[in-house]
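The values are calculated or read from the model by the stated rules, or taken from the named source; none is laboratory data. Keep in mind that what you see is a predicted model, and the values were worked out from it rather than measured. Counting neighbours? That spans all protein chains shown, and the Cβs are built from the backbone with ideal geometry, glycine included. Calculation scope for accessible area: heavy atoms of the full protein, side chains included, ligands and nucleic acids excluded. Shrake-Rupley method; radii C 1.70, N 1.55, O 1.52, S 1.80 Å.
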Amino acid sequence: MRAGLVIMLPLFWKGITCQFSYGFSINVPRSVSVQEGLCVTIPCKFTAAYRNKFSDSFGYWRLDPPNSNYIVATNDQSSDVRKTNFILTGNPDTGDCSLTITDAREEDAGIYFFRFKENEKNGVKYSFNNAKTTITVIDFTEEPVISDPGTVMAGINKTLTCTPPGNCSATSLVIQWRKSNVAGIWENSSTVTFTPSLYDLQENITCEMTNSNGMTTQKTILLDVCCPPAIIITWEINGKIINKPASIEVDEGSSVTLICSLQSNLPLNVTWMDGKNDVLQHGIGTELELRLENMTMNHTGTYTCSALTKHVINFTSINVTVQYPPRNMKITIKSTKGRERTANQQVIIDQTEILTFVCKVDGNPAVSVVWVKGEVDTEIPKTSNSELSAMINVTSSKPDVYRCLAWNALGLKEQRIHVVFKQDNPETTAAPRSGNKISYWNVAIGFICGIGLTILILLLYKLITRKKKNKKMINMTAEESSASTEPPTEDIYMNVSCPEEKAEEATDNMQLDSSGVTLDEDNLHYSAVAFTAKSSKVPSSYPETEYAEVKVK
């Protein structure tokens with residue numbers, strides 16, 4: 001050993017730190033073990049002439065004698081290197097002399113030291129042959145490293161990587177994959193890509209490494225496959241279970257049970273929600289039922305079953321439609337005069353406007369709507385065209401009834417409107433009866449005319465009777481006492497006209513009979529009066545009884 005050399009041997013990664021005179025020192029492990037076929041990195045730091053910064057310097061790792069010129073690793077491209085799996089990974093310009101060994105083999109075992117040489121200008125060089133490192137190659141026993149599989153999702157591709165321990169390149173190792181539910185070798189490479197399924201849950205995946213001497217080591221992991229689980233929705237009505245269609249239709253008032261089933265061998269959080277994302281039912285397991293009782297049109301909508309796992313949520317939806325007969329019928333009236341209003345049972349229309357009746361209605365299945373005029377039942381048209389509204393125009397032709405009919409497979413709804421016409425005198429406006437030709441007003445006028453005619457006949461009767469009485473009293477003194485028992489009979493017919501409301505119409509229809517009485521050919525009322533005269537058989541001091549017969553035709 002050179003005079004003045006100071007050797008320090010503290011334990012450092014099973015290595016030594018050597019400090020020499022003149023400012024030279026090195027810090028390197030004393031011994032290193034590496035498994036056959038694997039790799040190892042030997043850390044190394046040095047100083048030269050009290051410096052650890054250099055320029056254009058070279059480093060050399062050499063095998064200890066008998067041949068000290070046996071170079072195994074260097075950054076000097078002009079030097080002959082004996083081992084390709086020894087690499088000077090450190091940079092001598094920064095005082096780094098680290099050495100990496102890959103694919104370690106038995107012949108790599110030995111004692112090695114580091115030598116430094118700066119550029120020719122400075123002329124600094126030094127061999128640290130008193131600080132040597134012993135490399136030992138041992139049997140291959142360390143397990144390989146499998147990349148973290150993370151969350152393994154069913155149906156989503158997954159890639160796994162198997163590397164030697166130490167994360168170094170080991171080209172001499174043979175890597176194979178095995179899977180517990182696959183016979184033989186699964187894959188021959190350092191990586192494997194596959195699509196997991198529920199059948200892979202709790203299955204083993206093994207990475208196996210073999211070195212050039214046939215030594216084998218392996219690492220096994222357990223697959224925890226998370227899924228979104230497959231969800232199947234069925235529904236039960238009247239004791240019958242039906243597989244999920246795109247949507248279901250149920251009648252109003254009925255009840256239905258929606259069944260959410262999960263294809264999973266683990267219990268999950270299951271939830272039923274409506275279209276507003278309100279939770280209707282919640283449970284833990286692989287099946288959850290939702291019971292909908294006494295269904296109304298408000299139950300129509302989308303119902304969603306969701307399954308929540310630790311990492312993912314899956315869901316499936318079903319559309320439910322509630323069928324009901326026509327309802328909520330609404331009739332609006334639009335006028336040519338610009339008015340719009342809701343219809344009542346009776347509508348008044350004048351001669352200067354046209355009304356449009358619009359009938360709207362709800363219903364499911366689709367509703368057909370028509371307008372029918374009149375009271376007579378009309379056969380419902382058999383049409384495939386379904387509308388939710390219909391309209392009809394109404395003019396002032398004559399009073400009538402208009403009916404809106406709406407129907408579907410579940411029922412029929414009807415609403416009626418009576419149309420009457422506006423009169424000049426509002427007090428005389430009344431709803432006419434269909435088919436009558438004489439109004440109540442004409443009946444009243446005829447009744448008054450009849451009373452007047454009766455009074456007139458009575459007055460004429462009294463006048464004629466009085467004239468006959470006077471004439472009879474004069475003739476009785478000249479006639480014989482034994483007068484005939486069969487008195488003459490005289491029939492009198494009188495036609496009385498009833499004045500009409502319009503004067504010009506009355507003038508055109510007026511005629512005179514032979515007695516000078518005004519006649520109305522359209523409204524003739526007949527009245528007949530018959531008188532019977534008998535011979536007086538009682539004293540003239542007693543009044544004589546007279547008879548009259550009045551007939552009104």
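Only Lys, Arg, Asp and Glu count, each charged at its Cβ (+1, +1, -1, -1), so figure out the dipole size of the stretch 167-273 about its Cα centre, rounded to 20 debye. It would help to have the intermediate numbers written out before the result.
Working: 5 positive and 9 negative charges, 89 e Å.
Its charge dipole is roughly 420 debye.
Give me, ordered by chain and number, the residues 5 or more places off residue 186 or on other chains with an amide H under 5 Å from its own placed amide H.
177, 178, 179
Starting from the Cα coordinates of the stretch 224-313, work out the convex hull volume and express it per residue in Å³. Spell out each step's value before the answer.
On the way: hull volume 9.0 nm³, N = 90.
Value for the stretch 224-313: 100 Å³ per residue.
For the stretch 125-221, take N as its residue count and report Rg(C-alpha) divided by 2.2 N^0.38 Å. Provide the component values of the computation, followed by the final result.
Values: Rg = 18.1 Å, N = 97, 2.2 N^0.38 = 12.5 Å.
So the Cα radius of gyration is 1.44 times the expected 2.2 N^0.38 Å.
When only C-alpha pairs under 8 Å and at least 6 residues apart count, what is the relative contact order of the stretch 125-172, in percent? Don't skip to the end; give the middle numbers.
Values: 24 pairs, mean separation 15.7, N = 48.
Result for the stretch 125-172 is 33 percent.
Residues with beta-carbon under 9 Å from that of residue 334, excluding residue 334: net charge, scoring Lys, Arg +1 and Asp, Glu -1? List each step's numbers first, then the result.
On the way: positive: 339, 341; negative: 340.
Residues close to residue 334 contribute a combined charge of +1.
Which percent of the accessible heavy-atom area of the stretch 114-189 goes to carbon and sulfur, probe 1.4 angstrom?
Details: 1770 of 3970 Å².
Answer for the stretch 114-189: carbon and sulfur cover 45 percent of the accessible area.
In what sequence, highest mean first, do 179-192, 313-326, 34-47 appear when ranked by Cβ atoms within 10 angstrom? Present the calculation step by step, with values, prior to reporting the outcome.
Working: 179-192: 13.7, 313-326: 17.2, 34-47: 21.1.
Ranked by mean Cβ neighbours within 10 Å, highest first: 34-47, 313-326, 179-192.
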